[in-house]
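Before any comments, here is the structure.
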Amino acid sequence: MREDARDAANRVNEQRLWQRHSEMAQIGAIPGNGVNRAALSKEDIVARKLLLSWAAKRNYAISADGIGNLFLRRAGTDPNAEPVMTGSHMDTQPRGGRFDGIYGVLAGFEALEAMDEAGVTTRRPVEVVAWTNEEGGRFAPCTMGSIVFTGARPLNDVLEVTDNEGIRLKDALAETLAATPQVKPREFKSPAAGYIEAHIEQGPLLENAKKTIGVVTGIQGLRWFNIEVFGKTDHAGTTPLALRKDAVRDAIAIINALTELTRDAQDVTRFTVGRMLVTPNSPNSVASHVLFSVDIRHPDLKTVTRLGDAVEALARKAAQFCEVKVTPTLHDNPCAFDAQVAGAIENAATKLELPHMRLASGASHDAMYMARVCPTAMIFVPCEKGISHNEAENAAPADLAAGARVLTAALIELANR
Ligand code: GLV
Ligand code: MN
Ligand code: MN
């Protein structure tokens with residue numbers, strides 16, 4: 001390992017990193033030690049301002065693109081060199097924890113500060129990015145910021161997406177961008193020389209294996225749909241069942257059919273209906289409309305393709321009374337990360353004498369999209385009992401710092417290539 005990489009890794013400050021997590025966890029704090037900081041919400045704006053205040057103290061150049069992805073740049077010595085990027089997201093699930101997402105942003109920021117304090121110079125700039133709307137809990141789909149940044153979908157495609165209250169993403173985004181006028185606008189698709197994302201594992205493998213560092217080899221495939229069922233509202237007491245167009249009854253039939261489709265004795269396939277909006281949502285009115293989400297995942301391309309491709313026809317067949325509309329909202333094939341970036345992470349973990357192992361990610365991340373445009377890999381650190389998307393999410397300060405050390409060393413390695 002380069003001497004400067006080791007020096008900077010040793011400057012990672014566990015206490016400062018933990019303190020920053022605690023400060024961020026206050027923004028949108030909910031009972032049970034959790035966080036509810038929806039994308040492009042008032043709380044998201046407060047978190048952005050806090051991050052920017054830290055960046056200003058360090059004189060990092062700050063910019064944002066048209067979907068609100070925030071970039072903090074530590075300059076390199078070669079002004080023409082493409083940056084190495086790191087980061088994650090600051091939004092959370094509605095009943096989220098203190099680490100999912102924010103850890104990758106704070107670990108990246110800690111890496112920049114450690115480089116400053118070790119007096120390290122790199123040929124390439126190193127940039128920390130806070131992606132907008134990684135969770136997709138408020139506005140579907142997830143990983144939206146990196147989808148738009150990498151050009152996988154145009155900004156226009158997502159502007160009309162609405163949340164459960166009918167607020168358009170376009171309006172929430174305009175409010176968010178207006179709240180930080182000091183930020184310089186920046187283009188989508190700006191080139192990067194590499195990307196490393198640090199994250200809690202969100203599963204139990206590292207903890208069970210007593211490893212501190214996960215070298216992530218890739219992410220499983222993921223298909224998302226919105227399914228809408230169009231019925232007719234009627235009186236619950238008077239309308240004979242035979243005359244009803246009950247959107248809830250058909251929604252349940254569709255969900256049962258999809259449960260059968262995704263049944264898997266190996267328990268590898270993931271199938272989730274996590275969001276459901278019922279109209280008019282009254283106990284004594286037959287439902288006129290149901291919108292629900294479908295999330296299907298599998299590590300194998302053939303399987304996830306077969307399952308995702310079967311959804312629409314199956315939903316139509318299962319509905320007995322109502323019209324059905326199926327809208328795909330995300331189509332991610334399984335991705336394999338870059339061997340050289342994974343190698344740099346593994347090498348850093350080895351040299352820093354941290355127990356590590358290779359593993360694949362069950363959760364999705366912005367690294368999925370960055371992997372399409374530049375050499376990419378991820379670092380995982382353990383989280384307690386693998387619990388995530390839950391207020392009880394927990395991670396040890398020493399493990400978070402260990403991940404930041406590996407990140408710092410690997411970034412310095414890549415930023416001098
Ligand atoms: C990200 O939170 C995911 O759904 O995997
Ligand atoms: Mn996350
Ligand atoms: Mn998440």
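Here are the numbers:
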| read-out | value |
| --- | --- |
| Cα shape, region 182-269, gyration tensor, a/c 1.5 rule | oblate |
| Accessible carbon and sulfur surface of the chain relative to its total accessible area, %, 1.4 Å | 51 percent |
| Volume in Å³ per residue [convex hull over Cα atoms, computed for region 313-417] | 157 Å³ |
| D_trans [Stokes-Einstein, Kirkwood Rh over alpha-carbon pairs] for region 221-332, 4 °C, 1.567 mPa s, µm² s⁻¹ | 89 µm²/s |
| Rounded tilt (10° steps) of 42-57 against the dominant C-alpha axis of the chain | 10 degrees |
| Crossing angle, helix 14-25 versus the chain [Cα axis fit, 0-90 degrees, rounded to tens] | 30 degrees |
| Highest-fluctuation residue, ASN80, ASN36, ASN133 considered, GNM on the chain with Cα pairs under 10 Å | ASN80 |
| Point-to-point label distance, HIS235-ARG316, nm (Cα→Cβ direction, 7 Å offset) | 3.6 nm |
| Linear extension gain, LEU159 paired with LYS184, 0.36 nm per residue minus alpha-carbon span | 6.9 nm |
| Inter-part distance where region 166-190 and region 110-163 are each reduced to a Cα centre, Å | 13 Å |
| Helix axis angle, 102-118 relative to the chain longest principal axis, alpha carbon, degrees | 10 degrees |
| Under the Karplus curve 6.51 cos²θ - 1.76 cosθ + 1.60, θ = phi - 60°, whole-Hz ³J(HN,Hα) for region 359-372, x wherever Gly or Pro sits | 7, 9, 9, x, 7, 9, 8, 4, 4, 4, 7, 4, 4, 6 |
| Selection from HIS21, VAL35, ALA8 lying farthest towards where the dipole of region 1-49 points positive, charges on Cβ | VAL35 |
| Residues whose placed amide H lies under 5 Å from that of LEU40, excluding near-sequence neighbours | ASN133 |
| Cut-off under 5 Å, modelled amide H: who pairs with VAL35 long-range | ILE30, GLY96, GLY97 |
| Leading residue at positive end of dipole, the chain (Cβ point charges), from VAL290, ASN416, LEU206 | VAL290 |
| GLU312 - accessible surface, heavy atoms, 1.4 Å probe, Å² rounded to 10 | 70 Å² |
| Size of electric dipole in region 221-332: Cβ of Lys, Arg +1 and of Asp, Glu -1, about Cα centre, debye, nearest 20 | 120 debye |
| For ARG358, residues with placed amide H under 5 Å, excluding near neighbours | VAL215 |
| Ordering of 24-30, 247-253 by packing [mean C-beta count within 10 Å, highest first] | 247-253, 24-30 |
| Sequence-distant lysines (8 or more away, or on other chains) whose Cα lies within less than 21 Å of LYS351 | LYS210, LYS211 |
| Highest-MSF residue in the chain out of SER364, SER282, SER190 [GNM, Cα springs under 10 Å] | SER282 |
| Among beta bridges that DSSP assigns inside the chain, antiparallel share in %, nearest 5 | 65 percent |
| HN-Hα J in Hz across region 249-254 - Karplus 6.51, -1.76, 1.60, θ = phi - 60°, x for Gly and Pro | 4, 6, 4, 5, 4, 5 |
| Distance in nm between pseudo-label sites at ASP116 and ARG270 (7 Å out along the Cβ direction from Cα) | 3.6 nm |
| Protection-proxy order for peptides 91-99, 4-12, 174-182, each taking the mean of Cβ atoms within 10 Å per residue, highest first | 91-99, 4-12, 174-182 |
| Region 221-332, relative contact order in percent, only Cα pairs under 8 angstrom and at least six apart counted | 47 percent |
| Contact order normalised by residue count of the chain, Cα under 8 Å, 6+ apart, percent | 25 percent |
| Taking only Cα atoms of the chain, radius of gyration then Dmax in Å | 22.3, 79 |
| Farthest toward positive dipole pole in region 221-332 [+1 Lys/Arg, -1 Asp/Glu at C-beta], among LEU241, PHE230, THR272 | LEU241 |
| Per-residue ³J(HN,Hα) for region 331-340, Karplus 6.51 cos²θ - 1.76 cosθ + 1.60, θ = phi - 60°, Hz, x for Gly and Pro | 9, 10, 6, x, 10, 10, 7, 6, 5, 6 |
| Two-site FRET efficiency, ASP171 against ILE252, from Cβ-Cβ distance with R₀ of 41 Å, rounded to 0.05 | 0.75 |
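The values are calculated or read from the model by the stated rules, or taken from the named source; none is laboratory data. Please read these numbers as outputs of a predicted model, since none were measured by experiment. Quick reminder, even Gly has a Cβ in these numbers, built from the backbone with ideal geometry, and neighbours come from all protein chains shown. These accessible areas exclude ligands, DNA and RNA; they are computed on the full protein's heavy atoms, side chains included. Shrake-Rupley method; radii C 1.70, N 1.55, O 1.52, S 1.80 Å.
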